[in-house]
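Structure first, commentary second.
Values quoted throughout were computed directly from the atomic coordinates according to the rules given, and no laboratory measurement underlies them. Just so you know, these numbers come straight off a predicted model, no measurement behind them. We place every Cβ from the backbone using ideal geometry, glycine too, and count neighbours over all the protein chains shown.
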Amino acid sequence: MLSLLRMLRLGRLFRKIRQSKNYLKLERDYNSSVVVLIQLFIFSTLIIHWMACIWVWIGIEENAFGYNELTWLSRMDPPRDIDTTTSGELYLISLYWSVTTVTTIGYGDITPGTIPEFAAALILEFLGAFVFTYAIGTVSGAISVMEQNRIARREKLDSLNSALKFTATDKFDRSEESTGDLGKYDVRRYRAFTHRLLLSREYKKRKAFEAIDDVLSPGLRNSLLFSYYHQTLKCARLFKTLSKDELKQVAAICRLMSFPDREIIAPHHLNCIGIVQRGVGSRCPSKRILAPGSVFGQDTFALSLMRGRGDIETHAEEDCREIKVMTFFQVLTIDYAALKELCDRNPSLHAHFRYVALRLMLVRWARSIVLREKKYAPLKTKSLFKGNGLGSVNNY
């Protein structure tokens, strides 16, 4: 009896475990659903172990008081003699009974035979039913949390399918003329684009960030965005030589945009600097390929800085050319207005952008002279500019 009373003091041990540094680190560093499932496994194992120990103890104590012919050991088929059965066998048989009780299987091959056994079995069955109900609820909740991203993706795809039913049938048996602007290939294309977008790492990263954005401090928020976008931002000459703190400020105003294949993008309508993160596109009509790391829109911003105007009135010629998306296309965008507001708040950043814009405009001007010379005097250009390094302007 004293050993049973000592077992009740284990609750104090569990409280100490939950307050330990290792436990707090486990909850902090690992998925909460995995931690909950580990806790459930340990809790269920301890309960089953205690039930088995209590059941064995009752059988042994009753045998000591002379009830050996009525105990659950004697009612088994075949009966077990406590004097010839080892402790390991007794524990294994009792553990078998406790598992069948907790899991509500109850084969009926081990049954109580005395009043103390009936009372103990009644209490332990209530405890087993509680553990089983708690385990089912905990596992269901953990699985729903682990699958919430997949459930959200399915809901969005179902909403897309419902919206597309107004423009085409489910079997895609209508022609493009009968379905309006969206043909059967377009419907399939937008469905594939939505599925690809929801599966992309960038989308999952953005949704995870949005879930905790309201509890982040400004410094931690900028640091997270910097870790997401700093490699992409350094592909643009305007941001390539910025310090870490300045890049954090620029990363805070970035926005990710995605486009399906065959989409036509008008950069001068987006009013932003765009850096390709994923996919391939081509300029129209020059057919210049835009691969990951390519930049558009920075010429217009540089032009506005050189003119000292607060708004974008004139777009650069290169930024007025449309982009035809060839594959799933993701672009990191920095809005002109937000970037100008950032420059107004940070004079050193504004001076840096003006300096880079001046260099960029000089390179563009030198490039235009080289191309004009090559166009009108190819032989003279070849002898005049050979080996002087001006050909490297194509890298800008």
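By other beta-carbon atoms within 10 Å, ranking K244, K234, K207, K340 with the fewest at the front produces K244, K207, K234, K340. 3J(HN,Hα) along the range 97-112: 5, 5, 5, 5, 6, 5, 7, 6, 7, x, 5, x, 7, 10, 10, x Hz, from the Karplus curve 6.51 cos²θ - 1.76 cosθ + 1.60 with θ = phi - 60°, whole Hz, x for Gly and Pro. When the Cα positions of W72, W50, A142 are compared along the charge dipole of the range 31-146, A142 comes out farthest toward the positive end, with charges on each C-beta of Lys, Arg, Asp and Glu.
Full extension of the chain between I60 and V139 yields a length gain of 24.8 nm, computed as 0.36 nm times the residue separation minus the alpha carbon distance.
Restriction of the trypsin sites (Lys or Arg not before Pro) in the range 25-100 to DSSP coil positions whose beta-carbon has at most 10 other beta-carbons within 10 angstrom yields no sites. Put a dot 7 Å past the Cα of W365, heading toward its Cβ, do the same for K234, and the two dots end up 3.1 nm apart. Take the Cα of I105, step 7 Å toward its Cβ, do the same at D158, and the gap between the two points is 3.6 nm. A Förster distance of 41 Å, applied to the separation of the beta-carbon atoms of R188 and F126, puts the FRET efficiency at 0.15. Full extension of the chain segment joining I289 with D83 gains 65.5 nm, where the gain is 0.36 nm per residue of separation less the Cα-Cα distance.
Note down the relative contact order for the range 218-384 as a percent, whole number, built from C-alpha pairs under 8 angstrom at least six residues apart. Working shown, then result.
Numbers: 260 pairs, mean separation 44.3, N = 167.
Relative CO of the range 218-384 lands at 27 percent.
Between T241 and A337, the FRET efficiency from the beta-carbon distance, with R0 = 22 Å, is close to 0.40.
The HN-Hα couplings worked out from phi for the range 42-53 by the Karplus form 6.51 cos²θ - 1.76 cosθ + 1.60 (θ = phi - 60°) are 5, 4, 5, 4, 5, 4, 5, 5, 5, 4, 5, 5 Hz, whole numbers, x standing for Gly and Pro.
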